[in-house]
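J.: Sharing a structure with you now.
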Amino acid sequence: MALTDWKGDMIGPNVDRSTGAMPGQHNIKSNKPQQLERFREQNPTDTAVRRPVVDENKSFAEMSEVDIAYQILSAAGKDNPIYFKKLIREVIAKKGKTVQNEAAAISEIYTMINMDSRFQHAGDGQWGLTDWYPPETKRSRSTTKTVKTA
């Protein structure tokens, strides 16, 4: 039996403080499945379910930040990955977004780019498009033992 506090919420050592549920008890309050489904719709990770190419007829004000970044990288060309801060500053400028805290805006847009499967980190802070690079192949590690003979 769990204890309750003055508001009627369950308390005790076995109560999950974020949901108020006892172990094994269904959490009716949670909306995490809906949040997860919404996140998956907005950020597909499977290449077969990749977002369509950006509609070029839209103005930059109507486009999302990641779509603008996609446009910028597409225009730059296959052999020209762009340093992330330069890319994000261009996105902010084209979007016409007023920014109070540049570091927070860079962090937010960087996270969106990082989660989008259309973008590929090219190393040293450079970003390109996934289409530019062949899929990675994992090499198996071969362990060879050297035997010392006396």
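J.: Between Ser59 and Thr111, what length comes free when the chain is fully extended (0.36 nm per residue of separation minus the Cα-Cα distance, one decimal in nm)?
T.: Full extension from Ser59 to Thr111 adds 16.4 nm.
J.: Report the relative contact order of the range 64-132, percent, no decimals, based on alpha-carbon pairs under 8 angstrom and at least 6 residues apart.
T.: Across the range 64-132, relative contact order equals 41 percent.
J.: Tell me, what HN-Hα J-couplings in whole Hz come from the Karplus equation 6.51 cos²θ - 1.76 cosθ + 1.60 at θ = phi - 60° for each residue of the range 94-100, using x for Gly and Pro?
T.: 5, 6, x, 7, 7, 10, 8
J.: Based on Cα positions only, what radius of gyration and what Dmax would you give for the range 64-132, in angstroms?
T.: 11.1, 34
J.: Then there's this: Can you pick out the pairs among Lys58/Lys86; Lys58/Lys94; Lys58/Lys85 whose Cα atoms lie more than 18 Å from each other? Display every interim value, and only then the final one.
T.: On the way: Lys58/Lys86 23 Å; Lys58/Lys94 12 Å; Lys58/Lys85 24 Å.
As for pairs spanning more than 18 Å Cα to Cα, those are Lys58/Lys86; Lys58/Lys85.
J.: What does a probe at Gln42 reach in the range 65-87, counting residues whose amide N is under 15 Å from the point 7 Å along Cα→Cβ?
T.: Under cut-off, by backbone N: 65-67.
J.: Using packing as a proxy for protection, rank 62-68, 119-125 so that the peptide with the highest average count of other Cβ atoms within 10 Å comes first.
T.: 62-68, 119-125
Rule-based calculations on the coordinates, nothing more; no lab input. As the structure is a computational prediction, the values presented were derived from the model and not from experiment. Neighbour counts are summed over all protein chains in view; Cβ atoms, including those assigned to glycine, are modelled from backbone coordinates with ideal geometry.
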